[in-house]
């Protein structure tokens, strides 16, 4: 991983090869967590995302105030609920504020001011970005966190103006690229070959047939129906921002259906992209970065 001009690369400790790009800018106020999909990983799914944010002409000033976290998890080897639990535990490590040692460049436990990437502080905003199964994992995690919040007596969302864990997550902005909210539709061999490299498709097909999460994605899915019902119900009851997602479907997606929840605005369609490519920005395709950059809370704060 290269060292970027604005963001500093770090492996995340005690994770399965997850990593982050931490901004050197002092007034950084936003954490963005990326959650890959089925059989993806935190590198290949997002490809040039972490480096392009420092190379944009328009928008680089906004990305400079963001820390990027690329989370990794064994998507095919466990249930959606297990993955959602692991995501919840990961979020507890970075919001409302990352651990001091994550920002330290020193090997000791008490770094000096000059030994920090920047001094750690609380995030004001959290953005959760998911692809395919990752969108389902994010939404399941939100529902589970609301259940935890209710079970603990609905504690306050902020203290002295500083967001708590619950306030940070339930106030999050969600951006989901071709999410598998209503299951998958691998319609025969052509659809599989279309999305996966020819040298891997047979192995992945065999893995998917025995995967707990893939079985949950098969339509009709009791698990996915329950998740949609819970999300819409909580949205009517509480209206937390994290219960409504901005959804972007590939114009040439042969893997997932293009439905949204009642709590979501209408989906955006991105032409000339497939299920696999829709979340991968490159020099000629910057729309994924632009869609996240133009988040509504950012537009409101700028006016």
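The values are calculated or read from the model by the stated rules, or taken from the named source; none is laboratory data. Every value quoted in this text rests on a predicted model; they were computed, and no experiment measured them. Backbone-built Cβ (ideal geometry, glycine too); neighbour counts: all protein chains shown.
How about the range 264-288: which of its residues are crowded, with 19+ Cβ neighbours inside 10 Å and farther than 15 Å from residue 36 by Cα? Listed by number, the residues that qualify are 264, 270, 273.
Out of the range 150-201, which residues are under 22 Å from the mean Cα position of the chain (by Cα), assigned to a helix (DSSP H, G or I) and modelled with pLDDT of 95 or more?
Correct list: 165, 166, 167, 168, 169, 170.
Collect the residues in the range 41-77 that are farther than 26 Å from residue 121 by Cα and touching a residue at least 12 places away in the same chain (Cβ under 8 Å), keeping them in residue-number order. Those that are farther than 26 Å from residue 121 by Cα and touching a residue at least 12 places away in the same chain (Cβ under 8 Å): 41, 43, 45, 46, 47, 48, 73, 74, 75, 76, 77.
Among the residues of the range 252-260, are any surrounded by 13 or more Cβ atoms within 10 Å (Cβ to Cβ) and modelled with pLDDT of 95 or more? Scanning the range 252-260 turns up at least one residue that is surrounded by 13 or more Cβ atoms within 10 Å (Cβ to Cβ) and modelled with pLDDT of 95 or more.
Can you find, within the range 238-292, the residue that is farthest from residue 60 (Cα to Cα) among those that are in contact with a strand residue (DSSP E or B) (Cβ under 9 Å, 6 or more places away or on another chain) and without any contact (Cβ under 8 Å) to a residue 12 or more places away in the chain? Per the stated criteria, the residue is 258.
Candidates 182, 131: the one that is surrounded by 22 or more Cβ atoms within 10 Å (Cβ to Cβ), touching a strand residue (DSSP E or B) at 6+ places or on another chain (Cβ under 8 Å) and over 20 Å from residue 238 (Cβ atoms) is 131. Taken over the range 220-235, residues that are surrounded by fewer than 17 Cβ atoms within 10 Å (Cβ to Cβ) and either in contact (Cβ under 8 Å) with a residue 12 or more places away in the chain or part of a loop (DSSP other than H, G, I, E, B) (or both) amount to 2.
One residue alone among 37, 57 is assigned to a loop (DSSP other than H, G, I, E, B) and more than 18 Å from residue 280 (Cα to Cα), and that residue is 57.
Could you please let me know if residue 33 is over 18 Å from the mean Cα position of the chain (by Cα) and in contact (Cβ under 8 Å) with a residue 24 or more places away in the chain? So residue 33 does not fit the description; no.
Within the range 74-90, is even one residue modelled with pLDDT under 95, touching a helix residue (DSSP H, G or I) at 6+ places or on another chain (Cβ under 8 Å), surrounded by fewer than 21 Cβ atoms within 10 Å (Cβ to Cβ) and over 26 Å from residue 223 (Cβ atoms)? No. Restricting the range 24-57 to residues that are touching a helix residue (DSSP H, G or I) at 6+ places or on another chain (Cβ under 8 Å) and under 22 Å from residue 95 (Cα atoms) leaves a set whose member that is surrounded by the fewest Cβ atoms within 10 Å (Cβ to Cβ) is 49.
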